[in-house]
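**Q** One structure follows; several queries about it will come next.
All of the numbers you see were taken from the coordinates with simple rules; none came from a lab. Only a predicted model underlies this, so the values are computations on that prediction, with no experimental measurement involved. Quick reminder, even Gly has a Cβ in these numbers, built from the backbone with ideal geometry, and neighbours come from all protein chains shown.
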């Protein structure tokens, strides 16, 4: 096992990895930019290395600076977390050239699966179903028009080299195709330095379900079941759960999707943790979308239901150990649901809400897990993704997990900035969500249903705030100025 590991990331995932290292007795090195100097990850790590200015292009994306930091601090390995350089084959190769272990898959697998068109070709060769569309980038407008006509509108343009909704355009009419290709390619070029886009048939209102795979360097591969990730804003997931509600009715679907995921992983000679993403249509046909060659943001729900620690297994596999778990050993117990807590305003197009966290009361109790990267007094910067924390709850049933997550959200107070915490409480009370009849169109349709529940949720949250703050410290309410105190507390709560 490693003696010291550098964590090439920031925020809650850096904290998550640093804690796993401490449990294993491995020393940790955090990295930070100018605005992250006082971050929680830096405070928890054994050592820390400054990378540069706030701009990611001058800090967290600088391969040379990260390798130099690892050498300076004599780290044996680097864990990339997710985002930034986690799916960068050049970074994995640079680690190998520097004699440092990259805690992730081989560079060849990252490169092959990082291209969506190459991944589609591999999946087809492995006998896995894919969404109908092209297997290479669009190079000719006339060919693109013929392909779109054959597939039938609506179609989807997607960036070959990226994700997160960048370089993606829905096209409903032939006359819009040329402009959509131009816009999608331009956005993809800016985001990924690669303007290639390809065409897929648009699967209308599908479920987005992913399969977690885990493989060692000795050819052993298993899957750990699925995660339902259909609740998305701008093609980015905000609520995830394990198992998917559809599996309770159609349990054979997990087996078929798991087998398809393993076929693709074997074809890519994959090792370490990775995720196969699929769409499932209304007839329960599933189609391979892409592979994420890294740890996922939503990995806690898999850990809560399977009892396995994915980060610990990443470390063991990278150190050359064999998987001691066989497929038949994997068991799924209960249900877990995760909310991504963002510094953003759901009522105003999810605009980021940077600023100082003036009040923080974190939830706890049975079955509650909070992976957080912030603390009271921390200034949330505008320079990065506004993810603050991941709040997950486990219960013996989906209903129990929802109730526990509601309770945890009611206890969670974040003052000074706006967050989506109250928004999640409304979603959890929504009849469609509770029924488990989910699709990627959920958040497009939700605004029409959300207003009726909002007043009651605000009243409950205010009551929770009163209880939480009254126990925390002397307040204006104890001095008799209750109206002023409640007004300021309510404004803080609903930011």
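**Q** Going by the alpha-carbon gyration tensor, a ≥ b ≥ c the square roots of its eigenvalues, is region 132-201 rounded (a/c under 1.5) or, if a/c is not under 1.5, prolate (a/b greater than b/c) versus oblate?
**A** prolate
**Q** With a point put 7 Å past each Cα toward its Cβ, work out how far residue 3 is from residue 179 in nm, to one decimal.
**A** A separation of 6.2 nm, rounded to one decimal place.
**Q** How far apart, in nm, are two points set 7 Å out from the Cα along the Cα-to-Cβ line at residue 72 and at residue 450?
**A** Each label point is offset 7 Å from its Cα along the Cβ direction, giving 4.4 nm.
**Q** Also, I was wondering about something else. Of the DSSP beta bridges with both residues in the chain, give the percent that are antiparallel, rounding to the nearest 5.
**A** Details: 58 of 73 bridges.
Taking every DSSP beta bridge within the chain, about 80 percent pair in antiparallel fashion.
**Q** Using mean Cβ contacts within 10 Å as the protection proxy, how do 215-226, 279-290, 356-367 order, highest first?
**A** In decreasing order of mean packing, 215-226, 279-290, 356-367 become 215-226, 279-290, 356-367.
**Q** Could I have the simple spin-label model distance between residue 146 and residue 356, label points 7 Å from Cα toward Cβ, reported in nm to one decimal?
**A** 6.4
**Q** Another question about this same structure. Is the shape of region 296-441 best called rounded, prolate or oblate, per the rule: a/c under 1.5 gives rounded, else a/b larger than b/c gives prolate, else oblate, with a ≥ b ≥ c the square roots of the Cα gyration tensor eigenvalues?
**A** Values: a/c = 2.04, a/b = 1.37, b/c = 1.49.
In terms of gyration-tensor shape, oblate.
**Q** When a/c is below 1.5 the answer is rounded, else prolate if a/b is larger than b/c, else oblate, so apply that to region 36-185 with a ≥ b ≥ c taken from the square roots of the Cα gyration tensor eigenvalues.
**A** The shape class here is prolate.
**Q** Then there is this: At 0.36 nm per residue, minus the direct Cα-Cα distance, what do residue 326 and residue 266 gain on full extension? Give it in nm, one decimal, please.
**A** Stretched fully, the residue 326-residue 266 segment lengthens by 20.0 nm.
**Q** Shifting gears a bit: Going by average Cβ density within 10 Å per residue, which order do the peptides 402-411, 246-255 take, highest to lowest?
**A** Taking the mean over residues of other Cβ atoms within 10 Å, the ranking is 402-411, 246-255.
**Q** How high is the relative contact order of region 4-103, in percent, counting Cα pairs under 8 Å that sit 6 or more residues apart?
**A** 29
**Q** Sort 207-213, 368-374, 136-142 by the packing proxy (mean of other Cβ within 10 Å over each peptide's residues), most packed first.
**A** Averaged packing, sorted descending, gives the order 207-213, 368-374, 136-142.
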